[in-house]
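J.: Mind having a look at this structure? Questions to follow.
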Amino acid sequence: MALTIDKTWTLFLDRDGVINLHYPNDYVKDWEEFVFLDGVLAALKDLSGLFRRIVIVTNQQGVAKKLMTEASLDNIHEEMRKVIRKEGGTIHGIYAATEMASPANNMRKPNIGMALKAKKDFQDIDLAKSVMVGDSVSDMQFGKNAGMFTVFVGEPSMLEDKDRLLIDMYAGGLPEFCEMVVKV
């Protein structure tokens, strides 16, 4: 499926596994544990020139589990933004769902509370002209639930057939996605 991006589009990004190293069954609990994935900073610089807005949406229930504090999460995001900005990229907003997973929680992906909050904060966001890049089924469900174009980064073989229906495009990582949309 072809994707033509212009400055009216918004890029939504998951954090762990897309921007930084994901620790399976664990959380990035402080800045010292945060490791940018290869090529991500250059990709974010290029993507900042393509998209009107870049927004991070991340489930971070490690706060509710008391494995980290809200202040440590805020510090991680502040330091991450500084590095991205220093390398020429821009992150317009970061939304973190820090509560425990529950059916009543609208903020956690795959529910679209974070997308709605971003739309409220940046009224020029058009969810139909938005791309969700993530590495999990819940990221893809979030994107589809919000009416976005979805990009799965990671190994397609780890997906069930029914989950593949949620995905509009595959990429090996954010740098590969960047190359794909820059070439279009």
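J.: State which residue is nearest to residue 138 (Cα to Cα) when the search covers only the stretch 92-123 and only residues that are of a type in the set (D, E, K, R) and out of contact with any helix residue (DSSP H, G or I) (no Cβ under 7 Å at 6 or more places or on another chain).
T.: 108
J.: So for the stretch 54-65 (the condition being out of contact with any helix residue (DSSP H, G or I) (no Cβ under 6 Å at 6 or more places or on another chain), at pLDDT 95 or above and among the hydroxyl-bearing types (Ser, Thr, Tyr)), does at least one residue qualify?
T.: yes
J.: Continuing with the same structure: Residue under question is residue 70, and the condition is that it be touching a Ser or Thr at 6+ places or on another chain (Cβ under 8 Å), of a type in the set (Asp, Glu) and over 28 Å from residue 45 (Cβ atoms); does it hold?
T.: On the way: touching a Ser or Thr at 6+ places or on another chain (Cβ under 8 Å): yes; of a type in the set (Asp, Glu): yes; over 28 Å from residue 45 (Cβ atoms): yes.
Taking the combined requirement at face value, the residue satisfies it.
J.: Give the stretch 13-27 a look and list any residue that's closer than 27 Å to residue 127 by Cβ, in a loop (DSSP other than H, G, I, E, B) and among the acidic types (Asp, Glu), or say none.
T.: Correct list: 14 only.
J.: Still on this structure: Sort out which residues of the stretch 126-167 are touching a strand residue (DSSP E or B) at 6+ places or on another chain (Cβ under 8 Å), closer than 23 Å to residue 179 by Cα and polar (S, T, N, Q), and write them in order of number.
T.: Answer for the stretch 126-167, where residues must be touching a strand residue (DSSP E or B) at 6+ places or on another chain (Cβ under 8 Å), closer than 23 Å to residue 179 by Cα and polar (S, T, N, Q): 130, 150.
J.: Further, regarding this structure: Being surrounded by 15 or more Cβ atoms within 10 Å (Cβ to Cβ), assigned to a loop (DSSP other than H, G, I, E, B) and β-branched (Val, Ile, Thr) is the filter here; which residues of the stretch 1-12 pass it?
T.: Correct list: 5 only.
J.: With surrounded by fewer than 20 Cβ atoms within 10 Å (Cβ to Cβ), among the basic types (Lys, Arg) and either under 22 Å from residue 129 (Cβ atoms) or touching a residue at least 12 places away in the same chain (Cβ under 8 Å) (or both) as the only criterion, which of 45, 82 stands out?
T.: Working: 82 fails: either under 22 Å from residue 129 (Cβ atoms) or touching a residue at least 12 places away in the same chain (Cβ under 8 Å) (or both).
From the options 45, 82, the qualifying one is 45.
J.: Could I ask something else about it? Please enumerate the residues belonging to the stretch 28-42 that are free of Cβ contacts under 8 Å to residues at least 60 places away in the same chain, part of a loop (DSSP other than H, G, I, E, B) and in contact with a helix residue (DSSP H, G or I) (Cβ under 8 Å, 6 or more places away or on another chain).
T.: Hits for the stretch 28-42 are 28, 29, 30, 34.
J.: Out of the residues in the stretch 13-27 meeting the condition of being touching a residue at least 40 places away in the same chain (Cβ under 8 Å) and either among the acidic types (Asp, Glu) or touching a Ser or Thr at 6+ places or on another chain (Cβ under 6 Å) (or both), tell me which one is surrounded by the most Cβ atoms within 10 Å (Cβ to Cβ).
T.: 14
J.: Sticking with this structure for a sec: Inspect all residues belonging to the stretch 30-37 and state whether any of them is closer than 28 Å to residue 120 by Cα and either surrounded by 15 or more Cβ atoms within 10 Å (Cβ to Cβ) or at pLDDT 95 or above (or both).
T.: No: the stretch 30-37 contains no residue that is closer than 28 Å to residue 120 by Cα and either surrounded by 15 or more Cβ atoms within 10 Å (Cβ to Cβ) or at pLDDT 95 or above (or both).
J.: Let me ask something else. Can you tell me which residues in the stretch 82-104 are touching a strand residue (DSSP E or B) at 6+ places or on another chain (Cβ under 7 Å) and of a type in the set (S, T, N, Q)?
T.: 90
J.: Let me ask you something else. Specify the residue that is nearest to residue 18 (Cα to Cα); the eligible residues are those in the stretch 61-79 that are crowded, with 19+ Cβ neighbours inside 10 Å and touching a residue at least 40 places away in the same chain (Cβ under 8 Å).
T.: My answer is 76.
The values are calculated or read from the model by the stated rules, or taken from the named source; none is laboratory data. Everything numeric in this text was worked out from a predicted model, so none of it was measured. Methodologically, a virtual Cβ is constructed for each residue, glycine included, from the backbone with ideal geometry; neighbour enumeration extends over all protein chains shown.
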